[in-house]
Amino acid sequence: MEWKLDDSRPIWIQLQEQLTRKILSGWYHEGEKLPSVRELASEAGVNPNTMQRALVGLDMEGLTVTNRTMGRTVTEDHAVLEGMRGTLAEGIIRQFYESAAELGYTKAQALELLKRSDG
């Protein structure tokens, strides 16, 4: 998974969102040790302080756990992972309905479009 960063929003927020998706999609597995801050920063092409800020956000959301001797690992708490997965999915659905409404579709019409799509 490549890092996709732009100037529209703070970089650390974009990093946090992308790391969240990597965790929830299984790119990083439950209990897996994440690469170091420096490794992740180098991979993303950002300053380590920026990456650290993104990782602290993951800690605060409960997606990662930091241990001084083991480093940072993905949580093994299924409830946290499933809760966050549901929250993200709801946001995607809300965006879909809002975009469809901007095109003049009702919620029912948008749902029908979704059902007919190949996705």
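Each value in this text was obtained by applying a stated rule to the coordinates, not by laboratory testing. Keep in mind that what you see is a predicted model, and the values were worked out from it rather than measured. Note that each Cβ is placed from the backbone with ideal geometry, even for glycine, and that neighbours are counted across all protein chains shown.
One table, with the values for the structure above:
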read-out	value
MRE, 222 nm, helices only [DSSP H, n ≥ 4, -39500 (n - 2.57), over the chain, to nearest 500]	-19500 deg cm²/dmol
Sorted peptide list for 20-29, 89-98, 46-55, criterion being average Cβ within 10 angstrom, highest first	46-55, 20-29, 89-98
Quarter of Cα convex hull surface for region 11-119, i.e. mean projection, nm²	8.5
